[in-house]
1. Just give me the residues in the range A:41-86 being closer than 21 Å to A:Gln173 by Cβ and under 14 Å from the mean Cα position of the chain (by Cα), in sequence order.
2. Would you call B:Met82 in a loop (DSSP other than H, G, I, E, B) and either within 13 Å of chain A (Cβ to nearest Cβ) or free of Cβ contacts under 8 Å to residues at least 60 places away in the same chain (or both)?
3. When the range A:37-75 is examined, which residues are found to be acidic (Asp, Glu) and either modelled with pLDDT under 95 or closer than 20 Å to A:Ile94 by Cβ (or both)?
4. Hey, among the residues in the range A:118-133 that are charged (D, E, K, R) and more than 9 Å from B:Arg77 (Cα to Cα), which one's farthest from the other protein chains (Cβ to nearest Cβ)?
5. Across the range B:1-29, what is the number of residues that are under 24 Å from B:Glu186 (Cα atoms) and either in contact with a His (Cβ under 8 Å, 6 or more places away or on another chain) or among the small types (Gly, Ala, Ser) (or both)?
6. With the requirement that a residue be within 11 Å of chain A (Cβ to nearest Cβ) and without any contact (Cβ under 8 Å) to a residue 24 or more places away in the chain, what does the range B:94-110 give you?
7. Which residue pairs have Cβ atoms under 7 Å apart, sit 6 or more places apart or on different chains, and have a first residue in the range A:116-135 that is surrounded by 20 or more Cβ atoms within 10 Å (Cβ to Cβ) and a second that is among the hydroxyl-bearing types (Ser, Thr, Tyr) and part of a loop (DSSP other than H, G, I, E, B)?
8. Tell me, which strands (runs of 3 or more DSSP E) wholly within the range B:1-77 include 1 or more residues that are loosely packed, with under 14 Cβ neighbours inside 10 Å and of a type outside the set (Asp, Glu)?
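The values are calculated or read from the model by the stated rules, or taken from the named source; none is laboratory data. In this text the structure is predicted, and so the values were computed from the model without any measurement. Cβ placement follows ideal geometry from the backbone for every residue including glycine, while neighbour counts extend to all protein chains displayed.
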Amino acid sequence: MFLITWIRTLGRYWLMLSRTFRKPENWNEYKKAFFRDLDHLGVDSLGIVAVISIFVGAVVTIQTNYNLQDPLIPDYYVALAVRESIILEFSPTIVSLILAGKVGSNIASTLGSMRVSEQIDALEVMGVNPHAYLIMPKVVALVLFNPILIIISMFLGVIGGYLAAYFGIFSTQDFITGLQLEFNAYYVSYALIKTVVFAFLITSISAFYGFFVKGGAIEVGVNATKAVVSSSVAIIVANYVLTQILLV
Amino acid sequence: MIEVRDIQKKFGDTTVLKGITTSFRQGVTSLIIGESGAGKTVFLKSLVGLHGIDQGEIFYDDRQLGKMNEDEQKALRTEMGMVFQGNALFDSLNIEENVIFALNMFSEMSAAEKKERADFCLERVNLKGVNNRKPAELSGGMKKRVAIARAIALNPKYLFCDEPNSGLDPRTAILIDNLLQEITHEFNITTVINTHDMNSVVEIGEHIIFIKDGAKAWEGGGDEILHTDNKAVTEFVFSSELFRKIREKS
(Lines give C-alpha, C1' and ligand atoms only; values in the text may rest on other atoms or scores of the structure.)
Protein backbone atom coordinates (compact mmCIF):
# COMPACT_ATOMS: atom_id res chain seq x y z
CA MET A 1 0.00 0.00 0.00
CA PHE A 2 2.78 2.38 0.99
CA LEU A 3 4.67 1.51 -2.19
CA ILE A 4 1.61 2.21 -4.37
CA THR A 5 1.06 5.58 -2.67
CA TRP A 6 4.73 6.41 -3.13
CA ILE A 7 4.72 5.48 -6.84
CA ARG A 8 1.52 7.47 -7.37
CA THR A 9 3.04 10.52 -5.64
CA LEU A 10 6.19 10.20 -7.75
CA GLY A 11 4.02 10.02 -10.89
CA ARG A 12 2.14 13.17 -9.93
CA TYR A 13 5.48 14.90 -9.23
CA TRP A 14 6.77 14.04 -12.71
CA LEU A 15 3.50 15.18 -14.29
CA MET A 16 3.84 18.48 -12.44
CA LEU A 17 7.40 18.88 -13.73
CA SER A 18 6.30 18.12 -17.30
CA ARG A 19 3.72 20.92 -17.07
CA THR A 20 6.18 23.28 -15.39
CA PHE A 21 8.85 23.44 -18.05
CA ARG A 22 6.72 24.75 -20.91
CA LYS A 23 7.02 27.81 -23.12
CA PRO A 24 5.94 30.92 -21.17
CA GLU A 25 2.89 32.85 -22.38
CA ASN A 26 4.85 36.08 -22.00
CA TRP A 27 8.59 36.15 -21.36
CA ASN A 28 8.48 39.59 -19.72
CA GLU A 29 6.00 38.49 -17.06
CA TYR A 30 8.03 35.37 -16.33
CA LYS A 31 11.16 37.52 -16.12
CA LYS A 32 9.43 39.74 -13.54
CA ALA A 33 8.38 36.65 -11.56
CA PHE A 34 11.96 35.32 -11.79
CA PHE A 35 13.50 38.47 -10.34
CA ARG A 36 10.79 38.65 -7.64
CA ASP A 37 11.59 35.05 -6.62
CA LEU A 38 15.34 35.62 -6.89
CA ASP A 39 15.05 38.48 -4.41
CA HIS A 40 12.50 36.82 -2.16
CA LEU A 41 13.95 33.32 -2.00
CA GLY A 42 17.62 33.85 -2.84
CA VAL A 43 18.90 37.27 -1.79
CA ASP A 44 16.78 37.22 1.37
CA SER A 45 18.59 34.05 2.47
CA LEU A 46 22.00 35.74 2.46
CA GLY A 47 21.73 36.90 6.08
CA ILE A 48 20.99 33.55 7.66
CA VAL A 49 23.54 31.76 5.47
CA ALA A 50 26.23 34.32 6.39
CA VAL A 51 25.64 34.07 10.15
CA ILE A 52 25.47 30.26 10.16
CA SER A 53 28.55 29.90 7.92
CA ILE A 54 30.77 32.15 10.06
CA PHE A 55 29.83 30.47 13.33
CA VAL A 56 29.92 26.90 12.03
CA GLY A 57 33.31 27.62 10.40
CA ALA A 58 34.59 28.80 13.78
CA VAL A 59 33.14 25.81 15.65
CA VAL A 60 34.50 23.30 13.13
CA THR A 61 37.95 24.85 13.54
CA ILE A 62 37.81 24.65 17.34
CA GLN A 63 36.54 21.04 17.29
CA THR A 64 39.07 19.91 14.67
CA ASN A 65 41.87 21.53 16.60
CA TYR A 66 40.66 19.82 19.77
CA ASN A 67 40.62 16.41 18.06
CA LEU A 68 44.00 16.85 16.37
CA GLN A 69 45.94 17.75 19.50
CA ASP A 70 49.01 15.63 18.76
CA PRO A 71 52.62 16.74 18.66
CA LEU A 72 53.11 14.74 15.45
CA ILE A 73 50.35 16.61 13.58
CA PRO A 74 51.24 20.15 12.53
CA ASP A 75 48.68 22.88 13.33
CA TYR A 76 48.16 23.77 9.69
CA TYR A 77 46.48 20.39 9.14
CA VAL A 78 43.57 21.76 11.16
CA ALA A 79 42.98 24.42 8.50
CA LEU A 80 43.19 21.80 5.76
CA ALA A 81 40.57 19.67 7.51
CA VAL A 82 38.34 22.70 8.09
CA ARG A 83 38.61 23.73 4.44
CA GLU A 84 37.67 20.26 3.20
CA SER A 85 34.78 19.96 5.69
CA ILE A 86 33.34 23.30 4.63
CA ILE A 87 33.76 22.85 0.87
CA LEU A 88 32.76 19.20 0.67
CA GLU A 89 29.92 18.98 3.15
CA PHE A 90 29.00 21.95 5.29
CA SER A 91 28.36 24.58 2.62
CA PRO A 92 26.65 22.49 -0.07
CA THR A 93 24.75 20.01 2.12
CA ILE A 94 24.12 21.57 5.52
CA VAL A 95 23.35 25.01 4.10
CA SER A 96 21.00 23.38 1.56
CA LEU A 97 19.25 21.60 4.44
CA ILE A 98 18.84 24.93 6.20
CA LEU A 99 17.48 26.44 2.98
CA ALA A 100 15.09 23.50 2.63
CA GLY A 101 13.58 24.69 5.90
CA LYS A 102 13.53 28.39 5.10
CA VAL A 103 12.82 28.43 1.37
CA GLY A 104 10.92 25.13 1.19
CA SER A 105 8.34 26.09 3.79
CA ASN A 106 7.98 29.51 2.16
CA ILE A 107 7.30 28.03 -1.28
CA ALA A 108 4.91 25.35 0.00
CA SER A 109 2.90 27.72 2.19
CA THR A 110 2.73 30.45 -0.48
CA LEU A 111 1.50 28.07 -3.18
CA GLY A 112 -0.77 26.29 -0.70
CA SER A 113 -2.41 29.57 0.29
CA MET A 114 -2.82 30.46 -3.39
CA ARG A 115 -4.48 27.09 -3.99
CA VAL A 116 -6.98 27.33 -1.12
CA SER A 117 -7.84 30.95 -1.96
CA GLU A 118 -8.48 29.92 -5.61
CA GLN A 119 -5.71 32.15 -6.99
CA ILE A 120 -4.29 29.17 -8.90
CA ASP A 121 -7.74 28.48 -10.38
CA ALA A 122 -7.94 32.16 -11.33
CA LEU A 123 -4.67 31.86 -13.27
CA GLU A 124 -5.94 28.77 -15.05
CA VAL A 125 -9.23 30.42 -16.04
CA MET A 126 -7.24 33.37 -17.44
CA GLY A 127 -5.41 30.95 -19.73
CA VAL A 128 -2.11 31.14 -17.82
CA ASN A 129 -0.28 27.86 -17.17
CA PRO A 130 -0.10 28.06 -13.34
CA HIS A 131 2.54 25.32 -13.09
CA ALA A 132 4.90 27.20 -15.36
CA TYR A 133 4.15 30.70 -14.07
CA LEU A 134 4.37 29.86 -10.38
CA ILE A 135 6.97 27.10 -10.24
CA MET A 136 9.45 27.58 -13.10
CA PRO A 137 10.73 31.04 -12.01
CA LYS A 138 11.30 29.72 -8.48
CA VAL A 139 13.23 26.67 -9.69
CA VAL A 140 15.37 28.69 -12.11
CA ALA A 141 16.00 31.45 -9.54
CA LEU A 142 17.26 29.02 -6.91
CA VAL A 143 19.20 26.79 -9.28
CA LEU A 144 21.09 29.89 -10.48
CA PHE A 145 21.43 31.70 -7.16
CA ASN A 146 22.16 28.90 -4.69
CA PRO A 147 25.64 28.22 -6.13
CA ILE A 148 26.46 31.90 -5.48
CA LEU A 149 25.06 31.54 -1.98
CA ILE A 150 27.17 28.42 -1.38
CA ILE A 151 30.35 30.08 -2.63
CA ILE A 152 29.68 32.94 -0.21
CA SER A 153 29.03 30.35 2.52
CA MET A 154 32.37 28.61 1.79
CA PHE A 155 34.21 31.91 1.95
CA LEU A 156 32.51 32.98 5.19
CA GLY A 157 32.99 29.52 6.74
CA VAL A 158 36.73 29.81 6.17
CA ILE A 159 36.65 33.38 7.55
CA GLY A 160 34.90 31.98 10.65
CA GLY A 161 37.70 29.41 11.01
CA TYR A 162 40.32 32.12 10.60
CA LEU A 163 38.64 34.20 13.31
CA ALA A 164 38.61 31.20 15.67
CA ALA A 165 42.34 30.76 15.05
CA TYR A 166 42.90 34.47 15.51
CA PHE A 167 41.17 34.47 18.87
CA GLY A 168 43.72 32.20 20.41
CA ILE A 169 43.66 28.60 19.20
CA PHE A 170 46.76 28.67 17.02
CA SER A 171 48.70 30.88 14.66
CA THR A 172 46.72 32.48 11.82
CA GLN A 173 49.81 32.01 9.67
CA ASP A 174 49.45 28.22 10.17
CA PHE A 175 45.78 28.51 9.30
CA ILE A 176 46.55 30.29 6.00
CA THR A 177 49.28 27.76 5.19
CA GLY A 178 46.85 24.91 5.84
CA LEU A 179 44.18 26.49 3.67
CA GLN A 180 46.55 26.52 0.69
CA LEU A 181 47.84 23.00 1.25
CA GLU A 182 46.97 20.38 -1.40
CA PHE A 183 43.99 22.34 -2.64
CA ASN A 184 41.89 20.37 -5.13
CA ALA A 185 39.71 22.66 -7.25
CA TYR A 186 37.52 19.73 -8.28
CA TYR A 187 36.06 19.68 -4.79
CA VAL A 188 34.52 23.08 -5.45
CA SER A 189 33.00 21.82 -8.72
CA TYR A 190 31.67 18.78 -6.87
CA ALA A 191 30.11 21.04 -4.23
CA LEU A 192 28.51 23.28 -6.85
CA ILE A 193 27.08 20.31 -8.78
CA LYS A 194 25.52 19.08 -5.53
CA THR A 195 24.18 22.56 -4.81
CA VAL A 196 22.43 22.80 -8.18
CA VAL A 197 20.77 19.39 -7.68
CA PHE A 198 19.74 20.28 -4.12
CA ALA A 199 18.30 23.63 -5.23
CA PHE A 200 16.20 21.83 -7.84
CA LEU A 201 14.99 19.30 -5.27
CA ILE A 202 14.12 21.97 -2.67
CA THR A 203 12.07 24.11 -5.06
CA SER A 204 10.34 21.39 -7.03
CA ILE A 205 9.42 19.19 -4.03
CA SER A 206 8.20 22.15 -1.97
CA ALA A 207 6.23 23.46 -4.93
CA PHE A 208 4.67 20.01 -5.38
CA TYR A 209 3.42 19.92 -1.79
CA GLY A 210 2.15 23.49 -1.95
CA PHE A 211 0.55 23.34 -5.38
CA PHE A 212 -1.68 20.36 -4.64
CA VAL A 213 -2.97 21.33 -1.20
CA LYS A 214 -6.58 20.33 -0.61
CA GLY A 215 -8.51 21.87 2.23
CA GLY A 216 -7.73 24.97 4.27
CA ALA A 217 -5.20 26.62 6.55
CA ILE A 218 -4.43 23.45 8.53
CA GLU A 219 -3.63 21.48 5.37
CA VAL A 220 -1.37 24.32 4.17
CA GLY A 221 0.62 23.99 7.41
CA VAL A 222 0.70 20.19 7.19
CA ASN A 223 1.90 20.30 3.58
CA ALA A 224 4.56 22.93 4.37
CA THR A 225 5.94 20.54 7.00
CA LYS A 226 5.80 17.62 4.54
CA ALA A 227 7.63 19.78 1.98
CA VAL A 228 10.51 20.49 4.40
CA VAL A 229 10.77 16.86 5.54
CA SER A 230 10.60 15.41 2.01
CA SER A 231 13.08 17.85 0.51
CA SER A 232 15.48 17.28 3.43
CA VAL A 233 15.29 13.51 2.94
CA ALA A 234 15.73 13.95 -0.82
CA ILE A 235 18.84 16.09 -0.21
CA ILE A 236 20.37 13.48 2.11
CA VAL A 237 19.73 10.65 -0.37
CA ALA A 238 20.91 12.71 -3.36
CA ASN A 239 24.01 13.69 -1.38
CA TYR A 240 24.96 10.04 -1.01
CA VAL A 241 24.23 9.20 -4.65
CA LEU A 242 26.13 12.21 -6.01
CA THR A 243 29.10 11.58 -3.73
CA GLN A 244 29.21 7.98 -4.89
CA ILE A 245 29.12 9.11 -8.53
CA LEU A 246 31.41 12.13 -8.34
CA LEU A 247 34.01 11.23 -5.74
CA VAL A 248 34.43 7.47 -5.78
CA MET B 1 -23.81 31.37 -26.33
CA ILE B 2 -22.86 28.43 -24.17
CA GLU B 3 -24.58 25.09 -24.67
CA VAL B 4 -24.43 22.32 -22.11
CA ARG B 5 -25.58 18.84 -23.13
CA ASP B 6 -26.20 16.11 -20.61
CA ILE B 7 -23.12 16.73 -18.47
CA GLN B 8 -22.22 14.40 -15.67
CA LYS B 9 -19.46 14.69 -13.10
CA LYS B 10 -18.38 12.15 -10.52
CA PHE B 11 -16.01 12.40 -7.58
CA GLY B 12 -15.15 8.80 -6.73
CA ASP B 13 -18.45 6.94 -6.38
CA THR B 14 -20.48 10.11 -5.83
CA THR B 15 -22.23 11.59 -8.86
CA VAL B 16 -22.25 15.35 -8.30
CA LEU B 17 -23.76 16.47 -11.62
CA LYS B 18 -26.48 14.25 -13.07
CA GLY B 19 -27.02 14.91 -16.76
CA ILE B 20 -27.63 18.68 -16.88
CA THR B 21 -28.69 20.13 -20.23
CA THR B 22 -29.19 23.86 -20.76
CA SER B 23 -27.92 26.90 -22.64
CA PHE B 24 -26.79 30.40 -21.72
CA ARG B 25 -27.55 33.25 -24.12
CA GLN B 26 -25.42 36.28 -24.94
CA GLY B 27 -26.40 39.54 -23.22
CA VAL B 28 -28.50 37.70 -20.64
CA THR B 29 -27.78 37.29 -16.93
CA SER B 30 -28.25 33.60 -16.16
CA LEU B 31 -28.47 32.51 -12.55
CA ILE B 32 -27.80 29.06 -11.19
CA ILE B 33 -29.54 28.64 -7.87
CA GLY B 34 -29.79 25.82 -5.40
CA GLU B 35 -29.03 24.85 -1.85
CA SER B 36 -25.46 24.67 -0.58
CA GLY B 37 -23.95 21.39 -1.76
CA ALA B 38 -26.39 21.05 -4.68
CA GLY B 39 -23.49 21.08 -7.19
CA LYS B 40 -23.56 24.72 -8.36
CA THR B 41 -19.84 25.39 -7.95
CA VAL B 42 -18.90 22.05 -9.55
CA PHE B 43 -21.23 22.92 -12.44
CA LEU B 44 -19.61 26.36 -12.89
CA LYS B 45 -16.08 24.96 -12.62
CA SER B 46 -16.99 22.26 -15.13
CA LEU B 47 -18.27 24.94 -17.50
CA VAL B 48 -14.94 26.77 -17.46
CA GLY B 49 -12.94 23.55 -17.64
CA LEU B 50 -11.46 23.61 -14.13
CA HIS B 51 -13.15 20.24 -13.55
CA GLY B 52 -13.15 17.69 -16.35
CA ILE B 53 -16.56 16.13 -17.00
CA ASP B 54 -17.23 12.40 -17.15
CA GLN B 55 -20.03 12.57 -19.69
CA GLY B 56 -21.73 15.13 -21.95
CA GLU B 57 -20.62 18.09 -24.04
CA ILE B 58 -20.05 21.80 -23.51
CA PHE B 59 -20.06 24.14 -26.51
CA TYR B 60 -18.81 27.73 -26.58
CA ASP B 61 -20.37 29.20 -29.74
CA ASP B 62 -20.12 25.81 -31.48
CA ARG B 63 -16.59 25.11 -30.19
CA GLN B 64 -16.61 21.95 -28.11
CA LEU B 65 -14.61 22.38 -24.90
CA GLY B 66 -13.74 18.69 -24.53
CA LYS B 67 -12.31 18.43 -28.05
CA MET B 68 -10.05 21.47 -27.86
CA ASN B 69 -6.29 21.03 -27.63
CA GLU B 70 -4.28 22.90 -24.99
CA ASP B 71 -3.68 25.98 -27.18
CA GLU B 72 -7.34 26.21 -28.22
CA GLN B 73 -8.38 25.97 -24.56
CA LYS B 74 -5.93 28.74 -23.66
CA ALA B 75 -7.32 30.91 -26.45
CA LEU B 76 -10.88 30.26 -25.25
CA ARG B 77 -9.91 31.20 -21.72
CA THR B 78 -8.72 34.61 -22.80
CA GLU B 79 -12.37 35.15 -23.78
CA MET B 80 -13.50 34.26 -20.24
CA GLY B 81 -13.66 36.28 -17.06
CA MET B 82 -14.37 34.74 -13.70
CA VAL B 83 -15.22 36.17 -10.31
CA PHE B 84 -14.44 33.65 -7.59
CA GLN B 85 -16.33 33.25 -4.33
CA GLY B 86 -13.30 34.39 -2.32
CA ASN B 87 -12.27 36.93 -4.99
CA ALA B 88 -8.94 35.15 -5.69
CA LEU B 89 -7.06 38.43 -6.02
CA PHE B 90 -3.28 38.04 -6.15
CA ASP B 91 -2.04 39.14 -2.70
CA SER B 92 1.46 40.06 -3.87
CA LEU B 93 0.21 42.48 -6.54
CA ASN B 94 -1.48 45.83 -6.06
CA ILE B 95 -4.97 46.53 -7.37
CA GLU B 96 -3.87 47.94 -10.71
CA GLU B 97 -1.47 45.04 -11.29
CA ASN B 98 -4.29 42.63 -10.47
CA VAL B 99 -6.61 44.26 -13.00
CA ILE B 100 -4.06 44.36 -15.82
CA PHE B 101 -2.58 40.92 -15.07
CA ALA B 102 -4.25 39.25 -18.05
CA LEU B 103 -3.44 42.25 -20.26
CA ASN B 104 0.24 41.93 -19.31
CA MET B 105 0.15 38.25 -20.21
CA PHE B 106 -1.81 38.31 -23.44
CA SER B 107 -2.12 41.77 -24.96
CA GLU B 108 0.28 43.86 -26.99
CA MET B 109 -0.91 47.10 -25.33
CA SER B 110 1.57 49.75 -24.25
CA ALA B 111 1.97 50.52 -20.54
CA ALA B 112 -0.08 53.72 -20.96
CA GLU B 113 -2.90 51.84 -22.69
CA LYS B 114 -2.95 49.22 -19.94
CA LYS B 115 -3.08 51.92 -17.28
CA GLU B 116 -5.96 53.56 -19.14
CA ARG B 117 -7.78 50.23 -19.34
CA ALA B 118 -7.22 49.57 -15.62
CA ASP B 119 -8.60 53.02 -14.76
CA PHE B 120 -11.61 52.42 -17.04
CA CYS B 121 -12.39 49.02 -15.49
CA LEU B 122 -11.97 50.31 -11.93
CA GLU B 123 -14.14 53.33 -12.66
CA ARG B 124 -16.74 51.05 -14.22
CA VAL B 125 -17.05 49.22 -10.90
CA ASN B 126 -17.12 52.54 -9.04
CA LEU B 127 -13.63 52.30 -7.59
CA LYS B 128 -11.23 55.23 -7.83
CA GLY B 129 -7.89 55.99 -6.21
CA VAL B 130 -7.17 52.43 -5.09
CA ASN B 131 -4.73 51.54 -7.89
CA ASN B 132 -1.68 51.30 -5.65
CA ARG B 133 -3.31 49.63 -2.68
CA LYS B 134 -2.94 45.93 -1.89
CA PRO B 135 -6.02 43.63 -1.78
CA ALA B 136 -5.58 43.17 1.98
CA GLU B 137 -6.22 46.90 2.48
CA LEU B 138 -9.69 46.78 0.90
CA SER B 139 -13.10 45.87 2.32
CA GLY B 140 -15.01 42.76 1.14
CA GLY B 141 -17.23 44.75 -1.22
CA MET B 142 -14.28 46.61 -2.72
CA LYS B 143 -12.38 43.38 -3.27
CA LYS B 144 -15.41 41.95 -5.05
CA ARG B 145 -15.52 44.98 -7.32
CA VAL B 146 -11.79 44.65 -8.06
CA ALA B 147 -12.42 40.98 -8.93
CA ILE B 148 -15.15 42.09 -11.37
CA ALA B 149 -12.84 44.77 -12.84
CA ARG B 150 -10.16 42.12 -13.36
CA ALA B 151 -12.68 39.77 -14.95
CA ILE B 152 -13.78 42.37 -17.53
CA ALA B 153 -10.30 43.76 -18.26
CA LEU B 154 -9.81 41.59 -21.36
CA ASN B 155 -13.31 42.33 -22.72
CA PRO B 156 -14.56 38.80 -22.09
CA LYS B 157 -17.31 37.17 -24.12
CA TYR B 158 -18.21 34.95 -21.20
CA LEU B 159 -18.39 36.02 -17.54
CA PHE B 160 -18.71 33.52 -14.68
CA CYS B 161 -19.37 34.50 -11.08
CA ASP B 162 -19.36 32.11 -8.15
CA GLU B 163 -21.46 33.51 -5.29
CA PRO B 164 -20.49 37.11 -6.11
CA ASN B 165 -22.33 38.62 -3.16
CA SER B 166 -21.70 36.05 -0.46
CA GLY B 167 -20.51 37.64 2.78
CA LEU B 168 -21.62 41.12 1.74
CA ASP B 169 -24.21 43.33 3.41
CA PRO B 170 -27.56 43.50 1.55
CA ARG B 171 -26.95 46.97 0.13
CA THR B 172 -23.48 46.13 -1.26
CA ALA B 173 -24.82 42.77 -2.49
CA ILE B 174 -27.50 44.54 -4.55
CA LEU B 175 -24.92 47.00 -5.90
CA ILE B 176 -22.74 44.07 -7.05
CA ASP B 177 -25.77 42.33 -8.60
CA ASN B 178 -26.81 45.45 -10.50
CA LEU B 179 -23.25 46.06 -11.61
CA LEU B 180 -23.01 42.55 -13.06
CA GLN B 181 -26.28 42.98 -14.92
CA GLU B 182 -25.28 46.39 -16.29
CA ILE B 183 -21.94 45.01 -17.50
CA THR B 184 -23.71 42.03 -19.12
CA HIS B 185 -26.02 44.30 -21.10
CA GLU B 186 -23.45 47.01 -21.83
CA PHE B 187 -20.81 44.65 -23.24
CA ASN B 188 -23.23 41.97 -24.48
CA ILE B 189 -21.59 39.25 -22.41
CA THR B 190 -22.83 35.73 -21.71
CA THR B 191 -22.99 35.87 -17.93
CA VAL B 192 -23.49 32.89 -15.63
CA ILE B 193 -23.85 33.55 -11.91
CA ASN B 194 -23.97 31.00 -9.11
CA THR B 195 -25.99 32.16 -6.15
CA HIS B 196 -28.22 31.06 -3.32
CA ASP B 197 -29.26 34.63 -2.58
CA MET B 198 -32.94 35.08 -3.43
CA ASN B 199 -32.49 38.87 -3.57
CA SER B 200 -30.25 38.32 -6.60
CA VAL B 201 -32.91 36.16 -8.22
CA VAL B 202 -35.52 38.88 -7.86
CA GLU B 203 -33.11 41.70 -8.69
CA ILE B 204 -31.27 40.45 -11.78
CA GLY B 205 -32.52 36.95 -12.69
CA GLU B 206 -33.38 36.92 -16.38
CA HIS B 207 -32.77 33.21 -16.89
CA ILE B 208 -32.73 30.91 -13.89
CA ILE B 209 -31.71 27.29 -13.45
CA PHE B 210 -32.53 25.53 -10.21
CA ILE B 211 -30.22 22.65 -9.32
CA LYS B 212 -31.20 20.08 -6.72
CA ASP B 213 -28.95 17.17 -5.77
CA GLY B 214 -26.84 17.66 -8.89
CA ALA B 215 -29.74 17.61 -11.38
CA LYS B 216 -31.62 20.43 -13.08
CA ALA B 217 -34.95 20.60 -11.26
CA TRP B 218 -36.36 23.71 -12.92
CA GLU B 219 -35.51 26.31 -15.57
CA GLY B 220 -37.27 29.54 -16.48
CA GLY B 221 -37.38 33.32 -16.42
CA GLY B 222 -37.13 35.69 -13.47
CA ASP B 223 -40.87 36.39 -13.45
CA GLU B 224 -41.86 32.74 -13.77
CA ILE B 225 -40.01 31.62 -10.64
CA LEU B 226 -42.36 33.58 -8.38
CA HIS B 227 -45.38 31.75 -9.81
CA THR B 228 -44.07 28.27 -10.40
CA ASP B 229 -45.75 25.26 -8.84
CA ASN B 230 -42.59 23.19 -8.86
CA LYS B 231 -42.43 21.91 -5.29
CA ALA B 232 -38.61 21.78 -5.05
CA VAL B 233 -38.33 25.37 -6.28
CA THR B 234 -41.04 26.76 -4.05
CA GLU B 235 -39.56 25.03 -1.01
CA PHE B 236 -36.22 26.67 -1.76
CA VAL B 237 -37.37 30.09 -2.98
CA PHE B 238 -40.10 30.65 -0.44
CA SER B 239 -38.30 29.25 2.56
CA SER B 240 -38.26 32.73 4.13
CA GLU B 241 -41.29 34.62 5.44
CA LEU B 242 -40.36 37.66 3.34
CA PHE B 243 -40.52 35.80 0.05
CA ARG B 244 -43.74 34.04 1.02
CA LYS B 245 -45.27 37.51 1.51
CA ILE B 246 -43.86 38.70 -1.83
CA ARG B 247 -45.49 35.73 -3.53
CA GLU B 248 -48.83 36.34 -1.87
CA LYS B 249 -48.79 40.00 -2.98
CA SER B 250 -47.77 39.18 -6.54
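1. Listed by number, the list is empty, since nothing qualifies.
2. For B:Met82, the condition - in a loop (DSSP other than H, G, I, E, B) and either within 13 Å of chain A (Cβ to nearest Cβ) or free of Cβ contacts under 8 Å to residues at least 60 places away in the same chain (or both) - is not met.
3. Matches in the range A:37-75: A:Asp44, A:Asp70, A:Asp75.
4. Among those that are charged (D, E, K, R) and more than 9 Å from B:Arg77 (Cα to Cα), it is A:Asp121.
5. The total comes to 6.
6. B:Glu97, B:Asn104, B:Met105, B:Glu108
7. Final answer for the pair search is A:Gly127/B:Thr78.
8. So the answer is B:2-11, B:14-24.
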